[in-house]
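These notes concern the structure reproduced below.
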Amino acid sequence: MWWTRWVRRPAARKIGSREKWGFGMNSRVKRWIVDLTPRERTCLGEAPVHRGEDGSEQYFGVFLGFACTRAGRYNKSGSTKVGSTKKPANHQTQKGHNMLRQTRFLSCLGMGLVLFGVLISVSWGEQFENPKVKPPIASPHRRAAAESIPPLPLPATPLRRSERKRQPAPPALVGLINFSQTRFKIVDGKREKVKSFPTTQVDIEQMMRFANNRLKIRYRYMNTSFEKFSFDPTELPLLYITGWTPMPKLSDEIIVKLRRYLYDGGTLVLHAQCGRAEFYESAKDNVMRIFPKRKLAMLDTDSPLFRAYMPLNKVRIRKDDNPLLHSPPLLRAVYLGCRPGIILSEIDLNCSWDVVNKPIKGGILYHRDDGLILGANIITATLANFQYARAWGREKLYPEQNEKSRDQLVIAQVTHGGDWDPTPHALPNLMKYIQTQTTLNVQFKRCIVDLSDVDVFQYPVLYMTGLRDFKLTKGQVGRLRTYLNSGGMLLADSAAGKKAFDTAFRREIKRVLPKKELEVLSADSPIYQMPFKIKTVDYTELIKAQDPKLNTPRLMGIVIDGQLGVIYSPESFACGWEQLGFAYNRGYSDTDAIRLGVNILAYSMTH
């Protein structure tokens, strides 16, 4: 029987003229000191030998079962009678048999432990080792010493000129989430305690240093956990989770708290270290549990995350040791309103590792410079959207909507696959303004409708908005065509002026009305005449930065049987209706958006 075990031989330990060997399986075996024969020494001498710092020798030895077998031939005094031919007494024979049985049991047990250790070692050996956990150590700073000069006559406390003054800690912006679960693994024959979900802070350290320097801000990150965190966005506006092993499944309690944190204005960023699929797939599962009805989709190139601080149209990506690949930035997000509440990257948002000179085998990472810019964009957008995010999470209710005290104009909002409700406060806010600030004696009501339903013909006005690309089915296209030809009206706008929705709407409305074209409404259109006379409008800062001279409305429409059947705006007026101050809105100012909305609804009632 073979045993694999570490054996330490102190350099000065000798008994008589021969060296003694022992191995510590239990208290009984520890007392068994076996004299090694030349053959046994030869077997042991073939094993690898390492010398310790104290001068001792370490053998990763391979022992035969002779250790336990010979241990059974020890007499009461503990000495060995290897060459003796004297027949032992009966009680000694029985004792030897008992000890032989014990040694056989220990041999089997030891073999099982060896096999278990081998399996554990193999399984751990197959795991990905992240080199970013132990980055190269920088050279220490060399500072010249200075004399101690007391500012006052002694015995005043002397101060060094080179002594650094401790500044108060800046406020925390990012919380690096750690998971407290632990597990064990076998390393060099020893059982070591390791984290069940290892992570690294090397990227967030570099990111915060870069952002503070470039954005002229002063924030820090801090380590926390879901057990310690209060889930208050004002404490930590951004939570950050990264790793290269499967992300632990979050409990139902944590899911509920995290959902409330995001609705209250927080942001969650997750990225796979070295682009490992193990983390990405498990993180995606947790994200879908937080918002099962919201879509986790790829961000479009006009997202603020790609241009909030610096435009980033192309990034460099390196997979394994292959050449750098030039590609548009790749991020997935779950939108809460017009902002990305959850950001997930399947590529390492690398901010520290030099992928050009030190590629990582089995990894896919952004170039360090691109990762820093992308991280600065995320921090900039998070800070700019914080007040908007806090206000968006508060639901606005108007009790009069459920009381039929006056004539009702029901506006049905159309659902689709392109984030159909990014501005849930828009129509209620517009309705409230009409009821309180105008003389229109009409009560408005908002409903939700699918173009596949027959109920669509019950509503005189349909409203459609969104952020992303979408596509209508053939049945939906036919039903919308019948609805418009029957006298219904479709009002639509691109939320926050998103290009993806603008492109999709133009394509789909062409399918609905193939013989009609969207045309810009003239200045004398009835839409601009009552109840507000609109000749000039004010746009948001993003549009004015591109076209400072633009001051006229640019609504578009399709005329059906002499009346406007479709009214569309590529610039957003729904964000202006909400009046929440979304920083990255490409649309009309709040005041002019309200005025346009009142005129459009007045037109729908009178025509």
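Read-outs: derived from the displayed coordinates by stated rules, not from any lab. Bear in mind that the values here come from a model prediction, so they are computed numbers and not experimental data. Don't worry about glycine lacking a Cβ; one is built from the backbone with ideal geometry, like all the others, and counts go over all protein chains shown.
Spin-label model, S225/L330: points 7 Å from Cα along the beta carbon direction are separated by 3.4 nm.
Working from label points 7 Å from Cα in the Cα-to-Cβ sense, the E278 to E519 distance is 6.3 nm. Secondary structure note: in the range 399-606, about 30% of the DSSP beta bridges are antiparallel. Give me the orientation-averaged projected area of the Cα convex hull of the range 172-392, in nm², one decimal. With the hull built on Cα positions only, its mean projection is 12.6 nm². For the range 481-588, GluC sites (Glu not before Pro) are listed when DSSP marks them as loop and at most 16 other Cβ atoms sit within 10 Å of their Cβ; the list is E517. Rounded to the nearest 20, the Cβ-based charge dipole of the range 172-392 about its Cα centre (Lys and Arg +1, Asp and Glu -1) stands at 160 debye. With Cα atoms as the point set, the radius of gyration and Dmax of the range 471-582 evaluate to 15.1, 43 Å.
The 3J(HN,Hα) values that the Karplus relation (6.51, -1.76, 1.60; θ = phi - 60°) gives for the range 231-241 are, in residue order, 6, 9, x, 5, 7, 9, x, 9, 9, 10, 10 Hz. Gly and Pro appear as x. For the range 323-368, the convex hull drawn through the C-alpha positions has a volume of 83 cubic angstrom per residue. Here are some pairs, K134/K361; K498/K544; K132/K284; K314/K358; K190/K284; K471/K499; which of them have Cα atoms lying more than 25 Å apart in this structure? Checking Cα-Cα distances, K190/K284 exceed 25 Å.
Taking the Cβ of N212 as the center, what net charge do the other residues with Cβ under 14 Å away carry, scoring Lys and Arg +1 and Asp and Glu -1? Once all neighbours under 14 Å are counted, the net charge is +4. Between the range 521-561 and the range 419-433, what's the alpha-carbon centroid distance in Å? About 20 Å separates the Cα centre of the range 521-561 from the one of the range 419-433. All C-alpha to C-alpha distances of the range 558-607, sorted into 5 Å bins beginning at zero, yield P(r) values of 5, 20, 26, 20, 15, 9, 5, 1 percent in whole numbers. A simple spin-label model places the labels of N322 and A172 3.9 nm from each other, with each point 7 Å out along Cα-to-Cβ. Rounded to the nearest whole angstrom, the semi-axes of the ellipsoid equivalent to the range 275-379, taken from the Cα gyration tensor as √(5λ), stand at 24, 18, 10, largest first. Of the residues P531, M464, G557, the one whose Cα sits farthest toward the positive end of the charge dipole of the range 399-606, with +1 on the Cβ of Lys and Arg and -1 on the Cβ of Asp and Glu, is G557. Taking each residue as 0.36 nm, the span from L542 to V454 lengthens on full extension beyond its C-alpha to C-alpha distance by 27.6 nm.
Charge tally around K293: other residues with Cβ under 12 Å, Lys/Arg +1 each, Asp/Glu -1 each, net +2. Phi angles of the range 543-552 translate, via the Karplus equation with coefficients 6.51, -1.76, 1.60 and θ = phi - 60°, into HN-Hα couplings of 6, 5, 5, 7, 9, x, 8, 6, 9, 10 Hz per residue; Gly and Pro are given as x. With the biggest extent put first, the Cα atoms of the range 192-312 measure 41, 38, 30 Å across the principal axes.
For the range 399-606, the convex hull drawn through the C-alpha positions has a volume of 117 cubic angstrom per residue.
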